[in-house]
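Novice: The structure that follows is given in the form of structure tokens.
Derivation of every value follows stated rules applied to the coordinates shown; laboratory data play no part. In this text, all values refer to a predicted model and were calculated from it rather than measured experimentally. Quick reminder, even Gly has a Cβ in these numbers, built from the backbone with ideal geometry, and neighbours come from all protein chains shown.
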Amino acid sequence: MTRGIYFIENTINEWHTSISGYFATQGDAMKALEDCCNWYSHKGTGTIYYQEYGLGGKITKVYEVR
């Protein structure tokens, strides 16, 4: 796997999302997801993505809880 960063994205209303945090490892992101939530949802909801470093780095959805 190429070098990159994990981030959590959460919905903030019906149309928009916001990044809740950036993490060095997937394990750190999974642990932090326990305290995040989507709009009108319970804690532990959101989407974790992995983005490769660099211009045009590929973004991959890693984990999602709605």
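Novice: What's the local net charge at K58, with K and R +1, D and E -1, over the other residues with C-beta under 13 Å away? Walk me through the intermediate numbers first.
Specialist: On the way: positive: R3, K61; negative: E52.
So the environment of K58 carries a net charge of +1.
Novice: Quick one: putting +1 on the C-beta of Lys and Arg, -1 on the C-beta of Asp and Glu, what dipole do you get for the chain around its Cα centre, in Debye to the nearest 20?
Specialist: Numbers: 6 positive and 7 negative charges, 30 e Å.
The calculation lands at about 140 debye.
Novice: Please give the FRET efficiency for V62 paired with S41, using the beta carbon to beta carbon distance and R0 = 22 Å, rounded to the nearest 0.05.
Specialist: On the way: r = 19 Å, r/R0 = 0.85.
E(calc), rounded to 0.05, equals 0.75.
Novice: How much net charge surrounds T45 when only the other residues with a Cβ under 13 Å from the Cβ of T45 are counted, with Lys and Arg +1 and Asp and Glu -1?
Specialist: Working: positive: K43, R66; negative: E9, E34, D35, E64.
Summing Lys/Arg as +1 and Asp/Glu as -1 gives -2.
Novice: Hey, another quick one. Cross-link candidates for K31: which lysines have Cα within less than 23 Å, leaving aside residues fewer than 8 places away along the same chain?
Specialist: K43, K61
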